[in-house]
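All of the numbers you see were taken from the coordinates with simple rules; none came from a lab. Because the structure is a prediction, the values reported are computed rather than measured. All Cβ positions, glycine included, derive from the backbone under ideal geometry; neighbour counts span all protein chains shown.
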Amino acid sequence: MKHRHLLGLKDYPADDIKSIIDTAFSFKEVLERPIKKVPSLNGKTIVNLFFENSTRTRISFELAQKRLSADTVNFSASTSSLKKGETFKDTAQNLEAMKIDAVVMRHPTPGAPLHLTKHIDSIVINAGDGTHEHPTQAILDMTSLYEKFGYLKGLKIAIIGDISHSRVALSNIYGLKTMGAEVTLCGPSTLIPPFIEDLGVKVNYNIDEVIDWADALNVLRIQRERMHGGFLPSIREYRNLFGITTERLSQHKKELVIMHPGPINRGVEIDSAVADSDQAIILNQVLNGVASRMAILYLLLGGKLGEGND
């Protein structure tokens, strides 16, 4: 691996992304065994440092660590000494003093994982930093696409919904473009960042044209907790204009792969019948999340590190 940490997919090497995907498929085979455990990271200690609520990502990382036989420590900011006034730097350095090997970090502030690397020597993996990046989600998405299609180069992927507030969208854009896929964004103009096309993607506000074009739809959650008014006239209008509904898909005579990073707002960005259909690979994404995070941990902690420091 070229980089010591996994902070984001901007400028992340294609060879390293492919190595992670290939290794994830090896670990997925492990997850199908009666005994779903290997000793690859036996003796390694990993801290899950979450300053934001999380269910899927935290459990996925914890499972990945345990499947690799690593020792896992879960840190919750809401019950930590941070509530007593301890600084972020002191918390990080106290954890480092306990001789840990890696930190998986989620934080509401963009750039927080990079900031952490300035204070500790352990490997840092970004599990989501504000509205910036969520690289491991993008890697599991690409792993799921590669499993379904057998390739990424030239694949037509539409990312639908709240692009402005989505760290999943940004990491997917960086990763998919690096791997040679074509990416189109679709959603309300208030939720599409200005100049986003500078990243090599297209923007189309007509969901039906996008469905006709795409091989797969990655449908994003409407993140109500990150909005402060003015972005959407109403949830009903969003569903009418951009929702992936049964009626809308029935008008398009084509096979589509449907993805969603979760949690799903059923009946808003996607209908339950669509999310539960044979077209959807949402539960495959969950399993691939464990396998790909096993691969990331193994390659950063178990394999030889390259010369890169960031």
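Here are some notes:
- Exposure proxy for MET259, MET294: other Cβ atoms within 10 Å of each Cβ, ordered fewest to most, give MET259, MET294.
- Ordering of 187-197, 260-270 by packing [mean C-beta count within 10 Å, highest first]: 260-270, 187-197
- Going from the residue with the fewest nearby Cβ atoms within 10 Å to the one with the most, HIS252, HIS132 rank HIS252, HIS132.
- The slack in the chain from GLU237 to ASN206, taken as 0.36 nm per residue of separation less the alpha-carbon distance, amounts to 9.8 nm.
- Kirkwood Rh, angstrom, the chain [1 / mean 1/r, Cα pairs]: 20.0 Å
- Between the Cα long axis of helix 14-31 and the first principal axis of the chain there is an angle of about 80°, rounded to the nearest 10.
- Gained length - PHE195 relative to ASN94, 0.36 nm times residue gap less alpha-carbon distance: 32.2 nm
- Nearest-0.05 FRET efficiency for LYS2 and LYS156, computed from C-beta distance (R0 22 Å): 0.20
- 3J(HN,Hα) along segment 245-261: 9, 4, 4, 5, 5, 5, 7, 10, 8, 7, 8, 10, 9, 10, 10, 7, x Hz, from the Karplus curve 6.51 cos²θ - 1.76 cosθ + 1.60 with θ = phi - 60°, whole Hz, x for Gly and Pro.
- According to the Kirkwood relation over distinct C-alpha pairs, the hydrodynamic radius of segment 103-178 is 13.4 Å.
- With respect to the chain, whose longest principal axis is taken over its alpha-carbon atoms, helix 167-178 is tilted by about 90°.
- Mean residue ellipticity (222 nm) of the chain, computed from DSSP H runs ≥ 4 via -39,500 (n - 2.57), nearest 500: -11000 deg cm²/dmol
- Segment 135-285: projected area of the alpha-carbon convex hull, averaged over directions, in nm²: 8.1 nm²
- Applied to segment 96-111, the Karplus parametrisation 6.51 cos²θ - 1.76 cosθ + 1.60 on θ = phi - 60° returns per-residue 3J(HN,Hα) values of 4, 5, 7, 6, 8, 10, 7, 10, 9, 10, 10, 8, x, 9, x, x Hz, with x for Gly and Pro.
- For the chain, the longest principal axis of the Cα atoms and the long axis of helix 135-149 meet at an angle of about 60 degrees.
- In sequence order, segment 277-282 has phi-based couplings of 7, 5, 5, 7, 10, 5 Hz under the Karplus curve 6.51 cos²θ - 1.76 cosθ + 1.60, θ = phi - 60°, and Gly or Pro positions carry x.
- By other beta-carbon atoms within 10 Å, ranking SER171, SER26 with the fewest at the front produces SER26, SER171.
- Computed extension length for LYS118-GLU29: 28.4 nm, one decimal, from 0.36 nm per residue of separation with the Cα-Cα distance subtracted.
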